[in-house]
Amino acid sequence: MALLPEVKKHYGKLKLLINGEWVESSSADIRKDTNPATDEVIAEFPVATEQEALAAVRAAHEAFSTWKDVPMRERARMLFDMRAKFEKHFDEMTRILTQDHGRTIGESIGSVRRVIENIESACSALYGLVSRNEHLDQLANGIDEYLVWEPLGPFLIITPGNIPMHAWSSFVPYALAAGCTVVVSPSHQDPVAAQTICEVAQETGFPPGVINLVYGGRQINKLILSQPQIRGLGFIGSNRAGHELFALCGQLRKTSSINGNGKNHLVIMPDADLDNGIQWLLRACFGMSGQRCLGVDNVVVVGDIYDEVKRRFKEAAKGMKMGYGLDEDVDLGPLTTREGRDKVVEWIDKSLADGAKMVLDGRSAKVEHYPNGYFLGPTILEDVHVDMPTAKEEAFGPVAALIRAESLEQSIEWINTKTNLGHSACILTQNGRHARKFIREVNVGNVGVNVGIPQPYAFFPLGSRRESFVGTAKSRMASMRLFMDEKTVTARWV
């Protein structure tokens with residue numbers, strides 16, 4: 001296997017996309033973007049000024065007046081063309097995502113493939129509108145009634161640092177399919193990846209102002225959302241920021257889809273297939289260095305298999321190769337930012353102070369040739385009680401907490417009552433009765449049976465619950481309800 005070449009060593013000063021043009025920002029606030037594996041600067045990017053943010057809003061508003069009336073077949077053709085552009089640039093996009101985010105090249109390949117699947121799903125959602133328009137003749141004497149769906153207008157789309165491309169595709173293609181326009185405000189953690197995906201999309205030839213990109217931040221995002229032309233928000237990020245924006249959406253009477261933090265569980269039953277299950281567990285707990293919305297923090301082991309699970313899990317985790325994700329042999333890359341790594345180390349330290357015990361310590365991990373990278377090795381804790389903060393607060397790093405349980409019923413009760421978060425939960429079992437009980441009773445939005453990551457395909461919504469989601473509609477396929485509203489027409493012609 002090879003160390004793949006970087007697309008570029010340095011991507012220069014990034015620009016804003018406003019009204020179809022890549023423009024230099026006049027902002028004095030210029031930030032640095034680093035490669036997480038090397039700590040080398042790979043780009044500079046501006047935090048947009050208020051005037052630039054408002055210009056993007058105006059562009060999206062003006063573009064909406066014509067984009068909403070583009071015939072459905074023409075919008076579908078452009079989405080199919082955009083899909084082709086992503087296929088064309090697939091290889092370089094995966095390498096840029098690895099270089100900017102830190103994940104392995106295999107994980108980047110999966111992420112960009114998900115982007116393409118979301119574009120395909122948006123096309124199907126667009127054609128699906130035909131069957132959603134209901135018409136009833138002769139509802140009453142001489143009266144017909146029918147239902148139509150109409151796009152709402154420009155939307156603000158805020159994407160996170162952990163899935164900069166995947167999150168973009170969870171909203172933007174669907175907004176365009178619906179006839180809406182967007183202002184995208186990406187995380188500051190990996191702006192090269194955010195710019196790349198908009199550059200590839202723009203190659204399709206969308207009219208000016210349909211897609212706009214500004215590097216915002218808390219105040220700029222609030223400013224954009226507060227503009228009367230912006231009709232709603234698509235957001236993936238932290239609960240703190242998301243719930244604050246949700247409150248603002250309520251005050252402004254705007255629609256929203258807000259996906260936040262998780263605290264996810266994987267329950268291992270005594271009859272589980274551990275030969276495969278341990279591999280699923282590695283991906284669930286340590287994939288993307290633990291920076292995953294549906295990743296697993298709590299590993300709940302039922303019955304007398306605890307010692308075997310612990311032994312096999314530890315040995316498998318110790319065998320994971322750490323390094324630069326462009327090395328095709330690497331299993332675990334760095335965290336995306338140094339600050340993120342420091343927060344996870346602090347979380348581990350606090351867990352130990354609260355009584356957790358160390359099974360495998362990744363805090364002092366060293367990676368040959370990459371001494372300055374933001375690496376944290378696989379870390380496994382035990383003696384974790386469900387009432388400890390460790391079992392309730394998201395680590396967002398490559399950390400797993402082993403928890404003993406007496407029964408499936410006890411495991412389900414813990415998942416449903418010990419945290420207010422509801423992204424996902426998985427069960428490893430060969431017993432159909434146990435699986436069915438788990439599926440029906442666990443109060444989360446994404447359930448897995450004999451999988452480590454219950455990631456829905458693009459044509460299913462991301463079904464999170466409780467405080468992990470607030471808003472009008474879920475993301476992906478379900479976001480068509482976010483971007484459109486029904487209109488009923490009752491007509492008498494006789």
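So, in the stretch 142-171, how many residues would count as being of a type in the set (Ser, Thr, Tyr) and part of a strand (DSSP E or B)?
Within the stretch 142-171, residues that are of a type in the set (Ser, Thr, Tyr) and part of a strand (DSSP E or B) number 2.
Consider residue 64 against the criteria (1) part of a helix (DSSP H, G or I); (2) surrounded by fewer than 23 Cβ atoms within 10 Å (Cβ to Cβ): it satisfies all of them except one. Which criterion is unmet?
(2)
Could you grab me the full set of residues in the stretch 421-433 that are under 30 Å from residue 483 (Cβ atoms) and part of a loop (DSSP other than H, G, I, E, B)?
Passing the criteria: only 423.
In the stretch 116-132, is there at least one residue being closer than 20 Å to residue 7 by Cβ, assigned by TED's automatic domain parsing to the domain that holds residue 70, of a type in the set (S, T, N, Q) and touching a Ser or Thr at 6+ places or on another chain (Cβ under 9 Å)?
No: the stretch 116-132 contains no residue that is closer than 20 Å to residue 7 by Cβ, assigned by TED's automatic domain parsing to the domain that holds residue 70, of a type in the set (S, T, N, Q) and touching a Ser or Thr at 6+ places or on another chain (Cβ under 9 Å).
Looking at 197, 116, 109 in this structure, which one is at negative phi, surrounded by fewer than 22 Cβ atoms within 10 Å (Cβ to Cβ) and touching a Phe, Trp or Tyr at 6+ places or on another chain (Cβ under 6 Å)?
Criteria check complete, one pass: 116.
Considering only the stretch 275-283, I want to know if a residue exists there that is touching a helix residue (DSSP H, G or I) at 6+ places or on another chain (Cβ under 9 Å) and of a type in the set (Lys, Arg).
No, the stretch 275-283 contains no residue that is touching a helix residue (DSSP H, G or I) at 6+ places or on another chain (Cβ under 9 Å) and of a type in the set (Lys, Arg).
Name the one entry in 53, 76 that is surrounded by 13 or more Cβ atoms within 10 Å (Cβ to Cβ) and at pLDDT below 95.
After ruling out the rest, the residue left standing is 76.
Give just the number: which of (1) within 30 Å of residue 82 (Cα to Cα); (2) touching a strand residue (DSSP E or B) at 6+ places or on another chain (Cβ under 9 Å); (3) of a type in the set (Phe, Trp, Tyr) does residue 286 not satisfy?
(1)
Among the residues of the stretch 349-403, how many are among the small types (Gly, Ala, Ser) and within 19 Å of residue 264 (Cβ to Cβ)?
Going through the stretch 349-403 one residue at a time, the tally reaches 7.
Filter the stretch 94-115 down to residues that are touching a strand residue (DSSP E or B) at 6+ places or on another chain (Cβ under 9 Å) and assigned to a helix (DSSP H, G or I) and give me whichever is farthest from residue 2 (Cα to Cα).
100
Looking only at the stretch 31-68, which residues are of a type in the set (D, E, K, R) and either on the phi > 0 side of the Ramachandran plot or in contact with a Lys or Arg (Cβ under 7 Å, 6 or more places away or on another chain) (or both)?
39, 44
Confirm whether residue 152 is within 20 Å of residue 225 (Cβ to Cβ) and surrounded by fewer than 21 Cβ atoms within 10 Å (Cβ to Cβ).
For residue 152, the condition - within 20 Å of residue 225 (Cβ to Cβ) and surrounded by fewer than 21 Cβ atoms within 10 Å (Cβ to Cβ) - is met.
Any residue at all in the stretch 228-242 that is more than 30 Å from residue 405 (Cβ to Cβ), touching a Phe, Trp or Tyr at 6+ places or on another chain (Cβ under 9 Å) and of a type in the set (D, E, K, R)?
yes
Results for (1) more than 30 Å from residue 357 (Cα to Cα); (2) not in a loop (DSSP other than H, G, I, E, B), shown as yes or no for each residue.
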position: 414; (1), (2): no, yes
position: 419; (1), (2): no, no
position: 435; (1), (2): yes, yes
position: 439; (1), (2): yes, yes
position: 444; (1), (2): no, no
position: 459; (1), (2): yes, no
position: 473; (1), (2): yes, no
position: 488; (1), (2): yes, yes
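So that you can scan it fast, the table gives a plain yes or no per residue for (1) under 17 Å from residue 46 (Cα atoms); (2) part of a helix (DSSP H, G or I); (3) at pLDDT below 95:
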| residue | (1), (2), (3) |
| --- | --- |
| 173 | no, yes, no |
| 185 | yes, no, no |
| 189 | yes, no, no |
| 208 | no, no, no |
| 229 | no, no, no |
| 241 | no, yes, yes |
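Could you please let me know if residue 177 is out of contact with any strand residue (DSSP E or B) (no Cβ under 6 Å at 6 or more places or on another chain) and within 23 Å of residue 34 (Cα to Cα)?
It is false that residue 177 is out of contact with any strand residue (DSSP E or B) (no Cβ under 6 Å at 6 or more places or on another chain) and within 23 Å of residue 34 (Cα to Cα).
Taking residue 366, is it over 15 Å from residue 290 (Cβ atoms) and either part of a strand (DSSP E or B) or assigned by TED's automatic domain parsing to the domain that holds residue 395 (or both)?
Yes, satisfied.
The values are calculated or read from the model by the stated rules, or taken from the named source; none is laboratory data. In this text, all values refer to a predicted model and were calculated from it rather than measured experimentally. In this analysis, Cβ positions are derived from the backbone assuming ideal geometry, glycine residues included, and neighbour counts consider all displayed protein chains.
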